[in-house]
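First the structure, in the form of structure tokens, and then the observations on it.
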Ligand SMILES: O=C(O)CCC(=O)C(=O)O
């Protein structure tokens, strides 16, 4: 069945593919909502005992400066706490969540990053595709879990329903020039996305979650963190980021999206298996040619780097 090389829930042929699936009413509602809105809210699936263990670990270790961590940590967030917290890892690879994601995407899931939050991030609107993209496109999603009740005051996550249908905006849309970008250019991206929100009249819907509620968002949905309006309040929460099998994984923010020189995520580890994630294009290994520090060009197997250079020289000779 042709999917336009997109996850089936995001395919233009979604309705046709849906008819071929044997789904329960609950599953049908999940896939229809996700297709339509780009997100779903799932209350009551995760055991409160697991939520309590994750929160306890985050309090006692992640945000305890005396607990040694090798990953990035600041006052708001800790990256990849799953490496030292069994509970965080369990939440990231919770079997019923993985089943749900595999139903939505039709491929084995690769949980690859956790972020643990103590307070609201107040992050400006963005799409995860600027950080995490795949080839074929859109095989990525986020699962955000409240580790305490979320209020208007403690900086709820917000999202723009339907915005997943937008193009995957990167710097090739933002700039007229073709430089490779870095995180120093990130504000330019955020300013651009704010204009996109205004141009589309998107509403920023707040996720006023109860402890244990979960939000699944698709790779390209616009989202962020609302302002924290009460001093000193916490917003214990965890987000896990997932890719899916048989893709190349890259970071557009650090790539050259005009020349398609990609910052490949070569060291990606599958949280569930502990193994390095193999990268392929729908199962096909491509040639990977290094063009600069951390940048790679993908070519088909029948074109080697040498041939590519040779044919370019040939073109110049003819002239
Ligand atoms: O938790 C938040 O406030 C936002 C998190 C977020 O935007 C992300 O993980 O991409």
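The values are calculated or read from the model by the stated rules, or taken from the named source; none is laboratory data. Computed from a prediction, not measured in an experiment: that's the story for all the values here. Methodologically, a virtual Cβ is constructed for each residue, glycine included, from the backbone with ideal geometry; neighbour enumeration extends over all protein chains shown.
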Query raised in the report: Looking at segment 244-262, is at least one residue at pLDDT 95 or above, closer than 24 Å to residue 145 by Cβ, in contact with a helix residue (DSSP H, G or I) (Cβ under 8 Å, 6 or more places away or on another chain) and more than 16 Å from the ligand (Cβ to nearest atom)?
Result: yes
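Can you give me the ranges of the strands (runs of 3 or more DSSP E) entirely in segment 154-262 with at least 1 residues that are within 30 Å of residue 290 (Cβ to Cβ)?
Numbers: elements: 157-159, 214-218, 223-225, 237-244, 248-250.
The strands (runs of 3 or more DSSP E) meeting that bar are 237-244, 248-250.
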Query raised in the report: Looking at (1) in contact (Cβ under 8 Å) with a residue 40 or more places away in the chain; (2) within 16 Å of the ligand (Cβ to nearest atom); (3) more than 30 Å from residue 278 (Cβ to Cβ), which is the only condition residue 187 fails?
Result: (1)
Query raised in the report: Looking at (1) outside the structural domain of residue 203 (by TED's automatic domain parsing); (2) closer than 21 Å to residue 143 by Cα, can you tell me which one residue 59 breaks?
Result: (1)
Query - Residue satisfying condition, being away from the ligand (no atom under 15 Å from the Cβ) and either in the same structural domain as residue 76 (by TED's automatic domain parsing) or within 23 Å of residue 36 (Cβ to Cβ) (or both), within set 174, 150 - result: 174
Query raised in the report: Taking segment 270-281 as the region of interest, how many residues are under 16 Å from residue 139 (Cα atoms) and touching a strand residue (DSSP E or B) at 6+ places or on another chain (Cβ under 9 Å)?
Result: 5
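Only helices (runs of 4 or more DSSP H) wholly contained in segment 31-144 count here; list those with 2 or more residues that are more than 26 Å from residue 226 (Cβ to Cβ) and within 16 Å of the ligand (Cβ to nearest atom).
Details: elements: 48-57, 86-92, 95-105.
No helices (runs of 4 or more DSSP H) qualify here.
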Query raised in the report: Within segment 293-307, how many residues turn out to be in contact with a strand residue (DSSP E or B) (Cβ under 7 Å, 6 or more places away or on another chain), outside any loop (DSSP other than H, G, I, E, B) and modelled with pLDDT under 95?
Result: 2
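I'd like to verify a number: residues in segment 170-198 that are more than 30 Å from residue 153 (Cβ to Cβ) and surrounded by fewer than 15 Cβ atoms within 10 Å (Cβ to Cβ), how many? Talk me through it step by step, then tell me what you get.
So the first thing to find is which residues in segment 170-198 are more than 30 Å from residue 153 (Cβ to Cβ), and the list is 170-182, 184-185, 188.
Applying the additional criterion that residues be surrounded by fewer than 15 Cβ atoms within 10 Å (Cβ to Cβ) yields 173, 176-179, 182, 184, 188.
Within segment 170-198, residues that are more than 30 Å from residue 153 (Cβ to Cβ) and surrounded by fewer than 15 Cβ atoms within 10 Å (Cβ to Cβ) number 8.
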